[in-house]
Structures are given as structure tokens and as C-alpha cells.
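Here is the structure we will look at.
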Amino acid sequence: MPDLAPLLASALILGLLGGGHCLGMCGGLMGALTMAIPPEQRGRRLRLLLAYNLGRILSYACAGLLLGLAGWAVARTPFASALRVIAGLLLIAMGLYLAGWWSGLTRIEALGRGLWKHIQPFASRLLPVATLPRALLLGALWGWLPCGLVYSTLLWATSQGSAVDSALLMLAFGLGTWPVLLATGLAAERITALLRKRSVRMAGGILVILFGLWTLPGPHQAWIMGHEMHASADLPHHKAA
């Protein structure tokens with residue numbers, strides 16, 4: 001778990017700061033989801049939004065688990081070392097995207113368009129949403145919408161070589177996207193405005209890039225690990241009485 005903790009933090013940051021992109025993909029649906037609900041029924045609106053986003057996040061975790069099995073299989077082959085390189089490069093690419101310096105990740109969306117053509121008709125039949133089960137199912141289906149940020153995060157999660165870790169990373173990513181989409185559905189402009197500030201996105205992007213550089217195998221890791229070993233060696237050792 002200690003090794004997984006920084007990965008989960010990175011996934012959470014990716015989701016939180018990638019919420020601006022999520023607004024373009026799901027923002028319209030957030031409005032349609034609550035359009036027929038009177039403003040005075042704020043509690044009902046919140047419950048529908050929570051159910052929808054829960055379904056969407058669970059679909060991310062499910063995708064992480066399924067593709068994570070493939071990553072687990074590759075991790076037991078001679079190509080295992082390539083997984084860490086892929087993970088580092090994808091983190092750097094996602095950091096560049098979050099900071100607004102490169103948008104090449106959106107090209108990955110083409111990978112899921114064929115699948116989405118079969119899912120979209122079923123999702124559209126659930127609108128308008130009036131019950132919690134329909135909102136949950138709509139979110140579970142809408143989670144498969146082609147999205148460059150989701151797909152790149154999924155590939156990064158898959159590269160960890162563990163199905164469980166991949167599912168947990170996608171779960172953390174989904175939880176990170178929750179505040180922006182939930183705030184959009186509730187018309188909380190202050191939260192969305194804060195997370196879309198360029199300075200906030202750049203800071204988060206730089207953090208993700210730095211973690212991507214650390215993930216890449218190379219002499220920099222040996223240098224850092226060497227310093228950690230020296231530091232532990234310098235600590236006083238107490239003999240047992």
C-alpha cells in the first residue's frame with residue numbers, strides 16, 4: 001500500500017483537475033439529468049446526481065479491473081519492464097494535458113467510438129431520469145463514453161501490472177472527477193471556476209509530470225534510493241540491553 005499511495009494521489013489529481021474536460025463530455029447530460037426537477041426539490045436532484053456519478057465511477061473501476069488483467073498477464077512476460085516506461089510516459093502526457101500545454105490525448109478517443117455506438121442507444125432510452133436505479137444505470141453506461149483523458153488514465157492504470165491496483169486507480173480517478181460534475185449539476189459555479197483556473201491546472205499538471213519522470217526507470221531513481229540508504233545508515237543504532 002505505501003507504493004500504491006502516491007499512485008492513488010496522482011489518479012485523484014488527474015480526475016480533479018481533468019474535470020474541465022469532463023464538463024465538455026458530460027456537462028450537458030448533467031443539465032438534462034436535473035432539468036425536469038423543480039429547483040425546490042434540491043434533495044431529489046442531489047440524490048439523482050450522486051446515483052449517476054456512482055454508476056459512472058463504478059464503470060471506470062470495472063474497466064480498470066478488466067484491462068488490469070491484461071496488464072497482469074504482460075507483467076509476467078519479458079515485456080514487463082516496458083510497462084513502467086509506458087506508465088511514466090502516460091503520466092507525463094497527462095500532466096502536459098492538465099497544464100494546457102498539449103492536447104494529443106484527445107486522439108485516443110477514437111479507440112472507443114465503435115463500442116460507444118452500441119451503448120449510446122441504450123443510454124439514451126434512460127432519459128429523462130426520474131428514479132435512482134435509472135440514474136445509476138445511466139451513469140454506468142455513460143462511463144464508457146469515448147474520452148481521451150479516461151482512456152489514457154485507463155492505459156496508465158493497466159500498466160501497473162495488477163488488476164486490483166488498476167481498478168483502485170480508476171476508482172480514485174473517478175472520485176476525483178466527482179466534485180466538478182456534481183457541482184455542475186447543482187449549479188455551484190465557484191467550485192468549477194476554481195478548478196478551471198489556469199494556475200491551478202498548471203500546478204497540478206507539473207506535479208503529475210514530476211511523478212511521471214520519477215516513474216520512468218533510469219539513473220535518477222538509483223541516485224534518490226542511494227540518498228535514502230545513506231540517510232538510514234546515518235541513523236543511530238541502539239543495541240538491545
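Condition check ((1) over 18 Å from VAL180 (Cβ atoms); (2) of a type in the set (A, V, I, L, M)) across all residues:
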site	(1), (2)
TYR60	no, no
LEU66	yes, yes
ALA99	no, yes
LEU111	yes, yes
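Please go through region 179-208 and give me each residue that is open to solvent by less than 30 Å² (accessible area, probe 1.4 Å), of a type in the set (Val, Ile, Thr) and at pLDDT 80 or above, ordered by number.
VAL208
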**Prompt:** Which residue pairs have Cβ atoms under 7 Å apart, sit 6 or more places apart or on different chains, and have a first residue in region 135-146 that is farther than 10 Å from TYR52 by Cα and a second that is open to solvent by 10 Å² or more (accessible area, probe 1.4 Å) and of a type in the set (Asp, Glu)?
**Reply:** PRO146/GLU109
**Prompt:** If you check GLY161, GLY176, which single one turns out to be outside any helix (DSSP H, G or I), surrounded by 13 or more Cβ atoms within 10 Å (Cβ to Cβ) and modelled with pLDDT of 85 or more?
**Reply:** GLY161
**Fill in**
Inside region 58-81, the number of residues satisfying the requirement of being among the small types (Gly, Ala, Ser), loosely packed, with under 14 Cβ neighbours inside 10 Å and either modelled with pLDDT under 90 or in contact with a strand residue (DSSP E or B) (Cβ under 7 Å, 6 or more places away or on another chain) (or both) is 2
**Asked** In region 135-158, which residues are outside any helix (DSSP H, G or I) and in contact with a Ser or Thr (Cβ under 8 Å, 6 or more places away or on another chain)?
**Response** GLY143, TRP144
**Request:** Can you work out which of the residues in region 113-126 that are surrounded by 14 or more Cβ atoms within 10 Å (Cβ to Cβ) and among the hydrophobic types (A, V, I, L, M, F, W, C) is nearest to TYR151 (Cα to Cα)?
**Result:** TRP116
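The values are calculated or read from the model by the stated rules, or taken from the named source; none is laboratory data. It should be emphasised that the depicted structure is a prediction, and the values quoted were computed from it without experimental measurement. Glycine gets a Cβ as well: all are built from the backbone with ideal geometry, and neighbour counts include every protein chain shown. We work out accessible area using only protein heavy atoms, side chains counted, and drop any ligands, DNA or RNA first. Shrake-Rupley method; radii C 1.70, N 1.55, O 1.52, S 1.80 Å.
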